[in-house]
Amino acid sequence: MVRISRWIDKINIRLRLTLLFAVLVASIMLAFSLSVYYLYNQFREKEFNERLHNKAITTVRLFEDVGGITEELLHAIERNDLTTMYQEEVTVYDSQNRIVYDSGKNPYKITPKLLAHARAGHDFSLRDGEKEIVGVRYVDKRKNVLVVVAYAIDLYGFSKLERLRTILFTGWAGSLLLVVLAGWFFSGDALRPVSDIIEQVKNISARNIHERLKARRQKDELGQLAATFNDLLSRLEEAFSSQRSFVSHASHELRTPLTIMMGQLEVALLQKRTVEDYQQTIKDAIDEVKKMRDLINGLLELARINNDIFQLHFRPLNIDDLLWQVRELLLTQFPLYNIQIEFDESQQEETEFKIKGDVALLQMAFLNIMENGCKYSEEQRVNVSLLAQSDNIRISFTDRGIGIAEEDLPHIFEPFYRGETSKSRKGHGIGLALTQRIIQLHNGKIWAFSQLGKGTQFVISLPYPDEV
């Protein structure tokens, strides 16, 4: 069985479907043929037993009417009786189990127990090889209880049964051959779309990942499979494009401070300089190193939250307390920043802003938005408002800064993307991409609304603990 299973696993789907289809149909046809054969045999046996029963009754009545049957009379009856069966013989037993009449020379031996059973009114039927025997209870005019036993061989019935067996087997074998051919044809037709998809997939690589699969029938399962695979290709194409852009921007961002530091150090080595000049060169190099450190830290955080999703620590927390903590942390680094946290006037005082999340990641997300709002605003001010809704908590960060151009707005969450208005400020374009990913990990959403010269508003929606 193990070898057969391994062999089946190695064959292709078309042959496997053909074999399974053939086995299934062959089994059904075999069961049908056996049922027909069995039911016909039961019908033949029942019909022949009725004929034996009638023969027994007819014989015993004739025996009773004429007071005995002579051999000459018996031969005359057999010559004129069209119902005579092959090797038939009728035997009549009296109440003492003695044979009072036998139409042949070899009466079938019946046990006294079976004769008593028949005498009690329970007719019986037996089969011994080709012989079929029936026993019948009969009460004559003198009220004597007789048992009539008749047997014969259904030569005609068996010949028809054998003919039926030959027809059924031949028909089953011929039909099986047709089933195999039909199964091979239809499985090939059913799998042709799969073959087409396979050939199309073979021709898709990283160079032409924009290609898409074309299915003959869009609404069946294979059409849905092709559509799903096309969606996967679209996501992969987007991921490859983002990866290429990410690598390109990361290389540029890392190369710039390295180039600056190398230039400053090489210039410093061209001739002797004062201690103050060397100190200034070192300070400039340290500033560039800090920029690289911040960039590398951002890249590491972005990689961590993308790869270590299952290592995040979610626990119940209060959003309002977390915002106050972030505010204090930011003001410690930048005392001139002005961050106002407000609650919607419709909120009740006892309202709790509880969610389930990772404290460190949410701190990082809020810190990025608050810092950007202050950094890109001449007033260095950000207004933060909280609103508890029926199914989520909404947090708004509003500033009156330089704003974001309309054409840049759809791209601000892409890594390393910086609009024209933001290039005048220090940064690498990682913060918002990191923030969006953090909010997504908390099953939340983030939107950005902005107008040039009027400011920007970021809105974050986070679900309650039961929905996280």
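The values are calculated or read from the model by the stated rules, or taken from the named source; none is laboratory data. All values reported here derive from a predicted model rather than from experimental measurement. When we count neighbours, we look across all protein chains shown, and the Cβ atoms used for this are built from the backbone with ideal geometry, even at glycine.
Miscellaneous remarks
- Here GLU64 passes the criteria (1) under 21 Å from GLU88 (Cα atoms); (2) modelled with pLDDT of 80 or more except the one numbered (2).
- So ALA152, is it in the same structural domain as ALA120 (by TED's automatic domain parsing) and at pLDDT 80 or above: yes
- The listed residues are ARG216, ARG244, ARG207, and the only one of them that is part of a helix (DSSP H, G or I), at pLDDT below 80, not β-branched (Val, Ile, Thr) and not assigned by TED's automatic domain parsing to the domain that holds PHE21 turns out to be ARG244.
- The set of residues in the range 440-454 being crowded, with 17+ Cβ neighbours inside 10 Å, under 22 Å from ASN392 (Cβ atoms) and more than 29 Å from the chain's Cα centre (by Cα) consists of ILE446, ALA448.
- LEU176 vs. criteria of a type outside the set (D, E, K, R) and over 33 Å from the mean Cα position of the chain (by Cα): no
- Residues being basic (Lys, Arg), without any contact (Cβ under 8 Å) to a residue 60 or more places away in the chain and in a helix (DSSP H, G or I) - total across the range 115-170: 2
- Filter result (buried (at least 19 other Cβ atoms within 10 Å of the Cβ) and acidic (Asp, Glu)) within the range 359-383: GLU371
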